[in-house]
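As structure tokens, the structure follows; a few thoughts come after it.
Please treat every number below as a calculation from the coordinates, not as lab data. None of these values were measured; they are calculated from a predicted model. Heads up, the Cβs are rebuilt from the backbone with ideal geometry, glycines too, and the neighbour counts pull from every protein chain shown.
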Amino acid sequence: MKPRKRFGQHFLHDPVVLKRIVDAVNPARDDCVVEIGPGEGALTRPLLERLDRLTAVEIDRDLAAALSNEFPGSRLVLVNADVFDHDFSAYPAGFRIVGNLPYNISTPILFHLARYADRVRDLHFMLQKEVVDRMVARHSTPDYGRLSVTLQVRFAMEKLFNVGPGAFRPPPKVESAVVRLVPLKEKLQCDQALFEKIVREAFSARRKTLRNALPLAAHDYEELGIDPQLRPENLSPADYVRITQACAR
């Protein structure tokens, strides 16, 4: 099928890359796995060779219909829906997510799925390499930002391998990479909505000092042991948790 630009479709077709992804996921037959954006089914097929059943969420009606016709409903549960409208909380605890995410909305999808960190076992995604570099970046480095902080308080992340444009149809104009996210055992020790609000506000003014980006009282910064002359990119994810806890008090 012809890839649709409005859905940011780049169909993965390289068998070597597909095998490396499936090997990285290493599913057991009875695992509950959800694939986001199966497209033409290039990853769906090798996953089903190793799974008794797979759920796939696909927004494109034509692609969803083609996959439904190819596989019986007892093997492939095809959900024709927008990933942002899908209820991931309905799956049993310990379910797994995989996918070649559309690059034009990959960051919002990651923010959305981060809220299910306490329910998933792991997540494996193909993403733009630049996004993966931001996900795993350490504080006080150029790639570190809101995405880094939001994910690192919830997941241990590892970039597994890079993928060139030629592995896709049509080839994207960027390099890609596969990343693994595993939820941390320790849950987020602060109000989730307030934490996300503080991190969003901080990095919307990342060139300002903390005193101007997050105008807490001077004694609050002193009590937290944080220099208000630092910039938002200089704080670790744990620092943002402590700031959130102070704001909640």
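Couple of notes before you dig in:
- q = 0.21, 0.24 Å⁻¹, region 105-211: log10 I(q)/I(0) [Debye, one scatterer per Cα]: -1.18, -1.40
- Whole-angstrom gap from region 183-199 to region 98-141, using each part's C-alpha centre: 16 Å
- Projecting the Cα atoms of 245, 32, 150 onto the charge dipole of the chain, computed from C-beta unit charges around the Cα centre, puts 150 farthest toward the positive end.
- Entry for the chain at q = 0.07, 0.08, 0.10 Å⁻¹: log10 I(q)/I(0) = -0.27, -0.35, -0.53, Debye formula applied to identical alpha-carbon scatterers, no solvent contribution.
- q = 0.25 Å⁻¹: log10 I(q)/I(0) that the Debye formula gives for region 192-248, counting C-alpha atoms only: -1.03
- Across all C-alpha atoms in region 1-136, the radius of gyration and Dmax reach 13.9, 39 Å.
- Normalised contact order of the chain, rounded percent, pairs of Cα under 8 Å and 6 or more residues apart: 16 percent
- Summary of packing: across the peptides 95-101, 135-141, the per-residue average of other C-beta atoms within 10 Å ranks them, highest first, as 95-101, 135-141.
- Summary of packing: across the peptides 182-188, 33-39, 108-114, the per-residue average of other C-beta atoms within 10 Å ranks them, highest first, as 33-39, 108-114, 182-188.
- Seen through its C-alpha gyration tensor, with square-root eigenvalues sorted a ≥ b ≥ c, region 54-108 comes out oblate because a/c lies at 1.5 or above while a/b is not bigger than b/c.
- Exposure proxy for 55, 244, 209: other Cβ atoms within 10 Å of each Cβ, ordered fewest to most, give 209, 55, 244.
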